[in-house]
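S.K.: Following this message is one structure expressed as structure tokens.
The values are calculated or read from the model by the stated rules, or taken from the named source; none is laboratory data. Note that this is a predicted model, so its numbers are computed, not measured. Cβ: placed from backbone, ideal geometry, glycine included. Neighbour counts: every protein chain shown. Accessible surface is based on the protein model in full, side chains and every heavy atom, while ligands, DNA and RNA are left aside. Shrake-Rupley method; radii C 1.70, N 1.55, O 1.52, S 1.80 Å.
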Amino acid sequence: MNLQGKVFQGKSWGYLGAIVFLLALWQYAAWSLQTPLLPTPQAAIAATIRLLEADLGKHFWVSTYRVVLSTLTAFLIGLPLGIIMGYEDRIDRFLAPLVYITYPIPKIVFLPLILLFLGLGDGSKIFLITFIVFFQILVTTRDAVRKVQSETISSLRSLGGNRFQVYRYVLLPASLPDVFTSLRLSMGTAIAVLFFAESFATTEGLGYFIMDSWSRAAPDEMFAGIIMMALLGVGLFIVVDFFDNIFCRWQHLNGYKEGK
Amino acid sequence: MIEVSHCDFIYNQGKSQVKVYDDFNLTIEQGESIVLIGPSGCGKSTLLYLLSGLQKPTAGKIQILGDSVKGTRQKTAFILQEYGLFPWLTVEQNVSLGLRVRHTVKRSYKPLVEEMIQKMGLGEVKHNFPSQLSGGQRQRVALARALTLQPDLLLMDEPLSALDALTRERLQGLLLEIWQEQKLTTVLVTHSIEEAVFLGSRILVLLDGRPTKVVGEITNPLVGKSGYRQTEEFFQKTSYVRSLLERGGLDESAR
Ligand SMILES: Nc1ncnc2c1ncn2[C@@H]1O[C@H](COP(=O)(O)OP(=O)(O)OP(=O)(O)O)[C@@H](O)[C@H]1O
Ligand SMILES: [Mg+2]
């Protein structure tokens, strides 16, 4: 088997171990607590399978669509802007105060305004997640670019590289590892915000599904929703890791060596 | 070939200013191999930055083959201190980057890159990343990348420091070969007196101070002669360079 295959196999065992561990913990808690609020894993999994045949799948895809689209938008705006702010001092001097003032404000307080202008549909939810995740990506990227040594830039310049090529061949690849880290962190934030945004004024999405099951006092269905949310998170992490391994291969060389 | 006339250079360090060069003059002929040696912080790297066009003199003029240096120049290759390789590119990508940046068509640079990789003995590691190479291999990558640009002027900032003694001697031999074979003009910075005398057709001993001064200029006509390292003349030149450096140190403490 080739190296990547072996690494992949190693990772799969890791996931399997984690799942078994969590299920055992859950089972133990359900047995010892003996409360209808915490169903056993079997009941929850049975409910998941049953509900997937109904409309749980639809809720899952709606949530996936919202998180992916908003994170992608935040990434596509935050990455270039962060790189530019990190390199062009003049732009940074102008934009940094703006970012510092708006970053700490909990964006959720704008929700009434967002709902007013974007309505109750997908737009407002996607905007809210994008808005929050954008700042994380922007600030991380800018700081990553600032860490780039001036010698590295001089080295490209000495080869005849122009300003655009400094971005393309130095600043972008140098900041990518940190950008992937911020993407992973953003995934957690994005899903938390998603849950919040879906928990009212909508009838679609995992957030709605979980809250609705709760109000109907159907804990096994609620846990089916939680399982799907966990799957959504894991799926997104795997996707980010996948791209990280492709675009930042130079960062993962030790990992490959250990895999031998 | 190179004419540095009446150059001043000042670094701004916060509010204070560091005058590294004041009315500095230097002429380098085509095909010379200049070695700059001097204590740390005396301005050797700064001089290379000026010659490469990455830094502009605060006053004065630098001309190469009659043209004023304004920004980087097509036929100047510069190997920065600590190699200046890009950790995210493989050996092959690093070597071809200069040509890519210059919009050379891939079809036409591929063979040149391959030839350089073979010549520098990097065939086995061409898909490795810099972090997977030894110091000597990294240095050869930097050299290969510089040479693919087919330069007429090669600037090197302490290219062989941080190598073990034998690797270092082998690469010194390689540098000498390249210089003789390609009729390049080279300017090399080193802290090693032996290396200076082995590689330099002319050695400039710099002394720090604000501004930097040239305290000695040694012509070294026998450079490149086989077995030079073992000769009496070699020994005399190294002692002389050493005495200049030491005398500089004395002057320093007397001030
Ligand atoms: N970017 C910079 N900003 C401000 N001052 C600088 C800068 N680079 C160098 N200097 C100062 O200029 C002087 C000359 O530095 P330079 O790097 O040319 O020395 P060097 O001879 O190459 O030293 P070394 O042998 O340690 O590499 C030093 O005193 C240094 O402090
Ligand atoms: Mg230096």
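S.K.: Take the residues in the stretch B:142-176 that are within 16 Å of ligand 2 (Cβ to nearest atom) and in contact with a strand residue (DSSP E or B) (Cβ under 9 Å, 6 or more places away or on another chain), then tell me which one is nearest to residue B:226 (Cα to Cα).
M.R.: Only one residue fits best here, namely B:160.
S.K.: Among B:15, B:44, which is the only one that is modelled with pLDDT under 90 and either within 16 Å of ligand 1 (Cβ to nearest atom) or open to solvent by 70 Å² or more (accessible area, probe 1.4 Å) (or both)?
M.R.: Only one candidate qualifies: B:15.
S.K.: Okay, moving on. Taking the stretch B:92-109 on its own, how many of its residues are free of Cβ contacts under 8 Å to residues at least 12 places away in the same chain and either over 14 Å from residue A:170 (Cβ atoms) or exposed (fewer than 10 other Cβ atoms within 10 Å of the Cβ) (or both)?
M.R.: 6
S.K.: Filter the stretch B:75-87 down to the residues that are under 20 Å from the mean Cα position of the chain (by Cα) and in a loop (DSSP other than H, G, I, E, B), then identify the one that is nearest to the other protein chains (Cβ to nearest Cβ).
M.R.: B:84
S.K.: Also, quick follow-up: Quick one: residue A:192 ticks every box in (1) in contact (Cβ under 8 Å) with a residue 24 or more places away in the chain; (2) surrounded by fewer than 22 Cβ atoms within 10 Å (Cβ to Cβ); (3) farther than 25 Å from residue B:129 by Cα bar one, so which box is it?
M.R.: It fails just one condition, (1).
S.K.: Further, regarding this structure: Just one of (1) in a strand (DSSP E or B); (2) within 14 Å of chain A (Cβ to nearest Cβ); (3) under 23 Å from residue B:219 (Cα atoms) trips up residue B:11, so point out which.
M.R.: Answer for residue B:11: the failing condition is (3).
S.K.: Can we say residue A:75 is under 30 Å from residue A:150 (Cβ atoms) and open to solvent by 60 Å² or more (accessible area, probe 1.4 Å)?
M.R.: No: the conditions fail for residue A:75.
S.K.: For the structure I just gave you, tell me whether residue B:20 is part of a strand (DSSP E or B) and either away from ligand 2 (no atom under 14 Å from the Cβ) or more than 26 Å from residue B:179 (Cα to Cα) (or both).
M.R.: yes
S.K.: Quick check on residue B:90: is it away from ligand 1 (no atom under 16 Å from the Cβ) and either modelled with pLDDT under 90 or under 21 Å from the mean Cα position of the chain (by Cα) (or both)?
M.R.: no
S.K.: Out of curiosity, is residue B:30 in contact with a Lys or Arg (Cβ under 9 Å, 6 or more places away or on another chain), within 13 Å of chain A (Cβ to nearest Cβ) and loosely packed, with under 14 Cβ neighbours inside 10 Å?
M.R.: No.
S.K.: Oh, and also: Does the stretch B:168-192 hold any residues that are open to solvent by less than 30 Å² (accessible area, probe 1.4 Å), more than 14 Å from ligand 1 (Cβ to nearest atom) and not in a strand (DSSP E or B), and which are they?
M.R.: B:171, B:172, B:173, B:175, B:176, B:178, B:184 - these are the residues of the stretch B:168-192 that are open to solvent by less than 30 Å² (accessible area, probe 1.4 Å), more than 14 Å from ligand 1 (Cβ to nearest atom) and not in a strand (DSSP E or B).
S.K.: What pairs can you find where one residue is in the stretch B:36-52 and without any contact (Cβ under 8 Å) to a residue 24 or more places away in the chain and within 14 Å of another protein chain (Cβ to nearest Cβ), the other is in a loop (DSSP other than H, G, I, E, B) and surrounded by fewer than 24 Cβ atoms within 10 Å (Cβ to Cβ), and their Cβ atoms are less than 8 Å apart, with a gap of 6+ or different chains?
M.R.: Note: pairs meeting the criteria are B:49/B:55.
S.K.: Output the residues belonging to the stretch B:119-152 that are in a helix (DSSP H, G or I), farther than 24 Å from residue B:76 by Cβ and more than 11 Å from chain A (Cβ to nearest Cβ).
M.R.: B:123, B:124, B:125, B:135, B:136, B:137
S.K.: Only one residue in A:181, A:203 is of a type in the set (Ser, Thr, Tyr), open to solvent by 40 Å² or more (accessible area, probe 1.4 Å) and outside any helix (DSSP H, G or I), so which one is that?
M.R.: A:203
S.K.: Something else about it: Against the condition more than 16 Å from ligand 2 (Cβ to nearest atom) and open to solvent by less than 10 Å² (accessible area, probe 1.4 Å), how does residue B:77 come out, does it pass?
M.R.: When the stated conditions are applied, residue B:77 passes them.
S.K.: A further question on this structure: Can you spot a residue in the stretch B:130-137 that is without any contact (Cβ under 8 Å) to a residue 40 or more places away in the chain, open to solvent by less than 10 Å² (accessible area, probe 1.4 Å), closer than 28 Å to residue B:172 by Cβ and not hydrophobic (A, V, I, L, M, F, W, C)?
M.R.: yes
S.K.: Which one is nearest to ligand 1 (Cβ to nearest atom), of the residues in the stretch B:47-74 that are touching an Asp or Glu at 6+ places or on another chain (Cβ under 9 Å), open to solvent by 60 Å² or more (accessible area, probe 1.4 Å) and part of a loop (DSSP other than H, G, I, E, B)?
M.R.: Ranking the candidates gives B:58 first.
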